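Here is the structure we will look at.
Read-outs throughout are calculated quantities, based only on the coordinates presented, and are distinct from any laboratory measurement. As the structure is a computational prediction, the values presented were derived from the model and not from experiment. When we count neighbours, we look across all protein chains shown, and the Cβ atoms used for this are built from the backbone with ideal geometry, even at glycine.
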Amino acid sequence: MPEPAPMPADTPPRDAAIPRLPIGPGAYVLLIRLGRPIAIAVRTLPGATLLPGWYAYAGSARGPGGIAARVRRHLAAEKTARWHVDHLTLNAQEIHPLAFPGDSECRVLRALAALPGATIPLPGFGASDCTTCPAHLVALPAESGLAAEGGLAEFRQAVAGMRQTAAPDRD
Ligand SMILES: [Zn+2]
């Protein structure tokens, strides 16, 4: 499947973190907060609804501009919905990107799914081309503390740590 065309460079970012993201290839996580229910149609669950709360989406970027370009596209306030995750990013109250240079989205997804209380809300979401993951989106429990001061920093550390412990086969 061909890579989607890169977005124009003048797409306005919603988050000042973009300039700090790597321009090389790798995986990324979008930590997304929904403030209202969103209807999402995936092949496995037509007519499903995502409830308000926190979600984490794992993706990978291998095209021009790497992780920074892909995340910039995800954070664009206006775009044509093309991927499952676009329905979340277009309706999100908050989006926080995390970069994992040189890593794979499936390895990062396993770390996310291992977080305490994480669930798979929509089997198949974002994983149409993946044969190993149940989905590339996890729902995080309200008590995960993400909205509290320091909660996001703790989440970043938890995902980074889980990624390493979840990958004992790394050379
Ligand atoms: Zn996968």
W54, W83 arranged by Cβ crowding within 10 Å, fewest neighbours leading: W83, W54
Semi-axes of the equivalent ellipsoid for the stretch 18-165, Cα gyration tensor, largest first, Å: 20, 18, 16
Segment A158-A48, length gained on full extension (0.36 nm per residue, minus Cα span): 36.7 nm
Extension gain (nm, one decimal) between A77 and E149, 0.36 nm per residue minus Cα-Cα: 23.4 nm
T119 versus N91: modelled label distance in nm, points set 7 Å from Cα along the beta carbon direction: 1.8 nm
Approximate spin-label separation A41-C106, in nm, with each point projected 7 Å along Cα-to-Cβ: 2.9 nm
